[in-house]
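The next block holds one structure in the form of structure tokens; read it before the comments.
The values are calculated or read from the model by the stated rules, or taken from the named source; none is laboratory data. These figures come from a predicted structure and were not determined experimentally. Note that each Cβ is placed from the backbone with ideal geometry, even for glycine, and that neighbours are counted across all protein chains shown. All accessible areas refer to the heavy atoms of the entire protein, side chains included, with ligands and DNA or RNA removed. Shrake-Rupley method; radii C 1.70, N 1.55, O 1.52, S 1.80 Å.
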Amino acid sequence: GFLLPSIHSAPPFFTEQPNQSTHAHLTEEWIRLILTYARHKRLFVLRVEDAEVPGGEWDEILRNERINRRILPPYLSSLIAIMVTKNLAVYEPSKQTRAVLLYWRLPEEWADVLHSWATATGQLNTILTFYEISDPPIQSPLSGIPIPLLRRAITILSRSNRAQIIGVADGEGVRFFVG
């Protein structure tokens with residue numbers, strides 16, 4: 001299971017604090033908790049609405065029934081905005097501010113994971129669809145990766161000549177090269 005930090009039992013943790021240093025500290029704690037939890041549960045998307053969904057996939061960290069506290073949507077929205085400015089998340093789709101793609105691994109780290117996976121599974125110089133990578137027959141570190149994040153990782157690899165995006169019949173594909 002996931003071990004919640006002790007601060008999760010402190011009522012002030014769930015409300016935006018007026019004191020700047022307290023606010024800054026709690027913001028860092030929230031960001032660490034969100035990213036650690038997302039990585040543990042392999043969650044890629046966080047929405048402002050998740051603060052209002054009892055029993056949702058984020059419920060365990062966004063509320064604490066024992067102390068009758070939950071994070072409110074405006075506070076979650078401000079945390080999301082800070083994560084975006086720190087490049088720990090990106091609004092997805094762009095042009096809205098209600099949902100983000102979380103970077104519990106940065107796109108550069110995903111690029112390395114992707115290339116290592118392609119090398120280890122003998123996929124170099126083979127054309128793979130994005131779907132084959134994100135939904136492989138055998139679980140992989142890339143299982144379930146959202147296509148926008150996969151595309152970012154492939155773009156990073158293509159800049160260093162380790163991958164090439166190729167048009168295929170049912171969308172986009174990629175060819176990996178020795179790097």
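Among Glu52, Glu57, Glu109, which is among the acidic types (Asp, Glu), in contact (Cβ under 8 Å) with a residue 12 or more places away in the chain and closer than 28 Å to Arg151 by Cβ?
Glu57
Take the range 16-34 and flag every residue that is open to solvent by less than 60 Å² (accessible area, probe 1.4 Å) and not hydrophobic (A, V, I, L, M, F, W, C).
Gln17, Thr22, His23, Thr27, Glu29
Pairs under 9 Å by beta carbon, first residue closer than 17 Å to Ala10 by Cβ in the range 69-95, partner polar (S, T, N, Q) and surrounded by 15 or more Cβ atoms within 10 Å (Cβ to Cβ), six or more apart or different chains?
Matching pairs, first to second residue: Arg70/Asn64; Leu79/Thr27.
Among the residues of the range 135-158, which ones are part of a helix (DSSP H, G or I), in contact with a Ser or Thr (Cβ under 8 Å, 6 or more places away or on another chain) and buried (at least 17 other Cβ atoms within 10 Å of the Cβ)?
Residue satisfying the conditions is Leu150 alone.
Tell me, which strands (runs of 3 or more DSSP E) lie completely within the range 35-117 with 1 or more residues that are open to solvent by 60 Å² or more (accessible area, probe 1.4 Å) and out of contact with any helix residue (DSSP H, G or I) (no Cβ under 8 Å at 6 or more places or on another chain)?
Per the criteria, 45-47.
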